[in-house]
1. On full extension of the chain, what length is gained from VAL26 through THR148, given 0.36 nm per residue of separation minus the C-alpha to C-alpha distance?
2. Can you give me the distance in nm between label points at ALA157 and LEU41, each placed 7 Å from the Cα along the Cα-to-Cβ direction?
3. If you take the beta carbon distance between ALA80 and GLN33 as r and set R0 to 41 Å, what does 1/(1 + (r/R0)^6) give as a FRET efficiency, to the nearest 0.05?
4. Over the stretch 155-203, with every protein chain in place, what whole percent of the accessible area is carbon and sulfur at 1.4 Å, could you tell me?
5. How many nm separate the modelled label positions at VAL192 and LEU111, each set 7 Å beyond the Cα in the direction of the Cβ?
6. First measure r as the distance between the Cβ atoms of ARG89 and ARG121, then evaluate 1/(1 + (r/R0)^6) with R0 = 30 Å and state the FRET efficiency to the nearest 0.05.
Amino acid sequence: MIVRAALIVAVTLCSATGFARAPTTVLPGHKVQLQRNSHALGLTGGYGGANGFAYRQYFGNSYVQMNLLPLVADQGDFLAVMVGASFARYLIVWNRPRSVSLMPSTTALRLVGQASTYFKRDKSPDGSFEQAPCTGVSCNSDLKTSATTENITSVGAGVGFEFGGLLRNGFSMSLDVLLTSVWDEVGFDMLVPLPYASVMYSW
(Lines give C-alpha, C1' and ligand atoms only; values in the text may rest on other atoms or scores of the structure.)
Protein backbone atom coordinates (compact mmCIF):
# COMPACT_ATOMS: atom_id res chain seq x y z
CA MET A 1 0.00 0.00 0.00
CA ILE A 2 2.80 2.41 0.83
CA VAL A 3 4.57 1.73 -2.51
CA ARG A 4 1.32 2.14 -4.43
CA ALA A 5 0.56 5.45 -2.69
CA ALA A 6 4.07 6.72 -3.43
CA LEU A 7 3.68 5.89 -7.14
CA ILE A 8 0.35 7.71 -7.29
CA VAL A 9 1.87 10.82 -5.68
CA ALA A 10 4.85 10.75 -8.10
CA VAL A 11 2.63 10.51 -11.17
CA THR A 12 0.42 13.33 -9.88
CA LEU A 13 3.42 15.61 -9.31
CA CYS A 14 4.87 14.91 -12.75
CA SER A 15 1.54 15.68 -14.39
CA ALA A 16 1.17 18.89 -12.42
CA THR A 17 4.66 20.11 -13.33
CA GLY A 18 4.34 19.21 -17.03
CA PHE A 19 7.01 16.48 -17.09
CA ALA A 20 4.57 13.75 -17.95
CA ARG A 21 4.37 13.04 -21.67
CA ALA A 22 1.29 14.76 -23.07
CA PRO A 23 -0.93 12.81 -25.50
CA THR A 24 -0.75 13.83 -29.14
CA THR A 25 -4.01 14.69 -30.89
CA VAL A 26 -4.31 14.06 -34.64
CA LEU A 27 -6.74 16.43 -36.35
CA PRO A 28 -7.70 15.70 -39.98
CA GLY A 29 -8.29 18.85 -42.00
CA HIS A 30 -11.33 17.53 -43.88
CA LYS A 31 -13.27 17.00 -40.63
CA VAL A 32 -12.51 19.99 -38.40
CA GLN A 33 -11.28 23.56 -38.78
CA LEU A 34 -7.60 23.46 -37.90
CA GLN A 35 -6.63 27.07 -38.43
CA ARG A 36 -7.98 29.67 -36.01
CA ASN A 37 -5.93 32.68 -37.14
CA SER A 38 -6.93 35.28 -39.72
CA HIS A 39 -3.72 37.11 -40.75
CA ALA A 40 0.04 36.62 -40.74
CA LEU A 41 3.18 38.65 -41.51
CA GLY A 42 6.72 37.43 -41.99
CA LEU A 43 9.55 36.53 -44.34
CA THR A 44 9.72 33.92 -47.07
CA GLY A 45 12.58 32.48 -49.09
CA GLY A 46 12.94 30.22 -52.11
CA TYR A 47 13.80 30.25 -55.78
CA GLY A 48 13.40 33.24 -58.08
CA GLY A 49 10.70 35.63 -56.96
CA ALA A 50 9.63 33.62 -53.89
CA ASN A 51 11.67 35.86 -51.57
CA GLY A 52 10.79 38.87 -49.47
CA PHE A 53 8.28 40.25 -47.03
CA ALA A 54 5.08 38.20 -46.91
CA TYR A 55 1.43 38.68 -45.95
CA ARG A 56 -0.90 35.75 -45.42
CA GLN A 57 -4.71 35.66 -45.30
CA TYR A 58 -6.31 32.57 -43.78
CA PHE A 59 -9.59 31.03 -44.96
CA GLY A 60 -10.34 28.24 -42.53
CA ASN A 61 -7.88 25.44 -43.24
CA SER A 62 -6.44 27.22 -46.30
CA TYR A 63 -4.53 30.43 -46.93
CA VAL A 64 -3.34 32.73 -49.70
CA GLN A 65 0.08 34.34 -49.27
CA MET A 66 1.74 37.20 -51.18
CA ASN A 67 5.40 38.22 -51.05
CA LEU A 68 7.27 41.25 -52.41
CA LEU A 69 10.89 42.40 -52.34
CA PRO A 70 12.08 45.44 -54.39
CA LEU A 71 15.82 46.20 -54.58
CA VAL A 72 17.32 49.45 -55.91
CA ALA A 73 21.03 50.34 -56.01
CA ASP A 74 23.57 52.54 -57.85
CA GLN A 75 21.16 55.49 -57.97
CA GLY A 76 18.57 53.43 -59.80
CA ASP A 77 20.95 51.82 -62.32
CA PHE A 78 20.30 48.46 -60.65
CA LEU A 79 16.67 47.40 -60.12
CA ALA A 80 15.33 44.01 -59.04
CA VAL A 81 11.76 43.06 -58.11
CA MET A 82 10.65 39.74 -56.62
CA VAL A 83 6.92 39.00 -56.52
CA GLY A 84 5.20 35.76 -55.62
CA ALA A 85 1.94 34.18 -54.51
CA SER A 86 1.19 30.84 -52.92
CA PHE A 87 -1.81 28.81 -51.80
CA ALA A 88 -1.77 26.11 -49.12
CA ARG A 89 -4.25 23.67 -47.63
CA TYR A 90 -3.70 22.11 -44.20
CA LEU A 91 -4.32 18.37 -44.41
CA ILE A 92 -3.42 17.01 -40.95
CA VAL A 93 -2.34 18.64 -37.69
CA TRP A 94 -0.55 16.85 -34.86
CA ASN A 95 -1.25 18.82 -31.70
CA ARG A 96 0.33 18.20 -28.31
CA PRO A 97 -1.08 20.10 -25.32
CA ARG A 98 1.35 22.51 -23.69
CA SER A 99 4.19 20.63 -22.01
CA VAL A 100 7.87 21.02 -21.23
CA SER A 101 9.47 20.28 -24.60
CA LEU A 102 12.07 21.68 -26.99
CA MET A 103 9.94 20.74 -29.99
CA PRO A 104 6.96 22.76 -31.29
CA SER A 105 3.64 21.70 -29.80
CA THR A 106 1.90 21.75 -33.21
CA THR A 107 2.98 20.26 -36.54
CA ALA A 108 0.94 20.39 -39.75
CA LEU A 109 1.16 18.59 -43.07
CA ARG A 110 0.06 20.82 -45.94
CA LEU A 111 -0.39 20.86 -49.71
CA VAL A 112 1.22 23.92 -51.38
CA GLY A 113 1.08 25.64 -54.78
CA GLN A 114 3.31 28.59 -55.70
CA ALA A 115 3.98 31.02 -58.56
CA SER A 116 6.56 33.81 -58.70
CA THR A 117 8.50 36.10 -61.01
CA TYR A 118 11.90 37.73 -60.71
CA PHE A 119 12.83 40.77 -62.81
CA LYS A 120 16.26 42.42 -62.87
CA ARG A 121 17.58 45.42 -64.84
CA ASP A 122 21.23 46.44 -64.58
CA LYS A 123 22.58 49.59 -66.23
CA SER A 124 26.16 49.02 -65.16
CA PRO A 125 28.89 50.39 -67.49
CA ASP A 126 29.99 48.10 -70.29
CA GLY A 127 33.69 47.39 -69.76
CA SER A 128 34.23 45.68 -73.11
CA PHE A 129 36.09 48.60 -74.74
CA GLU A 130 39.62 47.52 -75.65
CA GLN A 131 40.64 50.72 -77.37
CA ALA A 132 42.17 53.82 -75.79
CA PRO A 133 40.14 55.26 -72.92
CA CYS A 134 37.31 57.47 -74.12
CA THR A 135 36.81 60.81 -72.41
CA GLY A 136 34.21 62.37 -74.69
CA VAL A 137 30.62 63.11 -73.77
CA SER A 138 29.23 60.66 -76.33
CA CYS A 139 31.39 57.81 -74.99
CA ASN A 140 30.24 58.36 -71.41
CA SER A 141 26.66 58.46 -72.64
CA ASP A 142 27.07 55.10 -74.41
CA LEU A 143 28.56 53.53 -71.28
CA LYS A 144 25.72 54.67 -69.04
CA THR A 145 22.89 53.60 -71.37
CA SER A 146 24.02 49.99 -71.78
CA ALA A 147 21.66 47.76 -69.77
CA THR A 148 20.95 44.08 -69.28
CA THR A 149 17.65 42.57 -68.15
CA GLU A 150 16.73 39.21 -66.69
CA ASN A 151 13.31 37.71 -66.07
CA ILE A 152 12.62 34.36 -64.37
CA THR A 153 9.14 32.91 -63.88
CA SER A 154 8.46 29.81 -61.82
CA VAL A 155 5.43 27.67 -60.93
CA GLY A 156 5.53 24.84 -58.41
CA ALA A 157 3.45 22.43 -56.37
CA GLY A 158 4.24 19.99 -53.57
CA VAL A 159 3.95 19.26 -49.87
CA GLY A 160 5.55 20.54 -46.69
CA PHE A 161 5.36 20.90 -42.94
CA GLU A 162 4.66 23.88 -40.70
CA PHE A 163 5.66 24.03 -37.04
CA GLY A 164 4.52 26.35 -34.26
CA GLY A 165 1.60 28.75 -33.93
CA LEU A 166 -1.15 27.10 -35.95
CA LEU A 167 -4.01 26.60 -33.54
CA ARG A 168 -3.26 29.87 -31.72
CA ASN A 169 -1.46 33.18 -32.18
CA GLY A 170 2.31 33.02 -32.49
CA PHE A 171 5.31 32.33 -34.68
CA SER A 172 5.50 29.42 -37.06
CA MET A 173 8.14 28.07 -39.43
CA SER A 174 7.41 26.16 -42.63
CA LEU A 175 9.54 24.05 -44.95
CA ASP A 176 8.16 22.83 -48.29
CA VAL A 177 9.55 20.89 -51.25
CA LEU A 178 7.88 21.90 -54.52
CA LEU A 179 8.32 20.43 -57.99
CA THR A 180 9.11 23.70 -59.78
CA SER A 181 8.95 24.61 -63.49
CA VAL A 182 11.19 27.54 -64.47
CA TRP A 183 11.08 29.78 -67.55
CA ASP A 184 13.56 32.51 -68.53
CA GLU A 185 13.80 34.97 -71.47
CA VAL A 186 14.53 32.13 -73.91
CA GLY A 187 11.79 29.77 -72.77
CA PHE A 188 11.46 26.68 -70.60
CA ASP A 189 14.60 26.18 -68.51
CA MET A 190 14.14 23.31 -66.02
CA LEU A 191 11.81 21.18 -63.92
CA VAL A 192 13.31 20.33 -60.51
CA PRO A 193 12.22 19.88 -56.86
CA LEU A 194 13.28 22.93 -54.85
CA PRO A 195 13.03 23.88 -51.14
CA TYR A 196 10.99 26.84 -49.90
CA ALA A 197 10.78 28.19 -46.36
CA SER A 198 9.06 30.94 -44.37
CA VAL A 199 8.85 32.39 -40.87
CA MET A 200 5.48 33.96 -40.05
CA TYR A 201 3.67 35.50 -37.08
CA SER A 202 -0.06 34.68 -37.16
CA TRP A 203 -2.94 36.20 -35.24
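The values are calculated or read from the model by the stated rules, or taken from the named source; none is laboratory data. It should be emphasised that the depicted structure is a prediction, and the values quoted were computed from it without experimental measurement. FYI the Cβ positions are ideal-geometry reconstructions off the backbone, even for glycines, and counts take in every protein chain you see. For the accessible areas, the whole protein counts, side chains as well, though only heavy atoms, and no ligand, DNA or RNA atoms are used. Shrake-Rupley method; radii C 1.70, N 1.55, O 1.52, S 1.80 Å.
1. 38.7 nm
2. According to this spin-label approximation, the distance is 3.3 nm.
3. Details: r = 39 Å, r/R0 = 0.96.
Efficiency at R0 = 41 Å is approximately 0.55.
4. The nonpolar share, carbon plus sulfur, comes to 75 percent.
5. For VAL192 paired with LEU111, the spin-label model returns 2.7 nm.
6. 0.25
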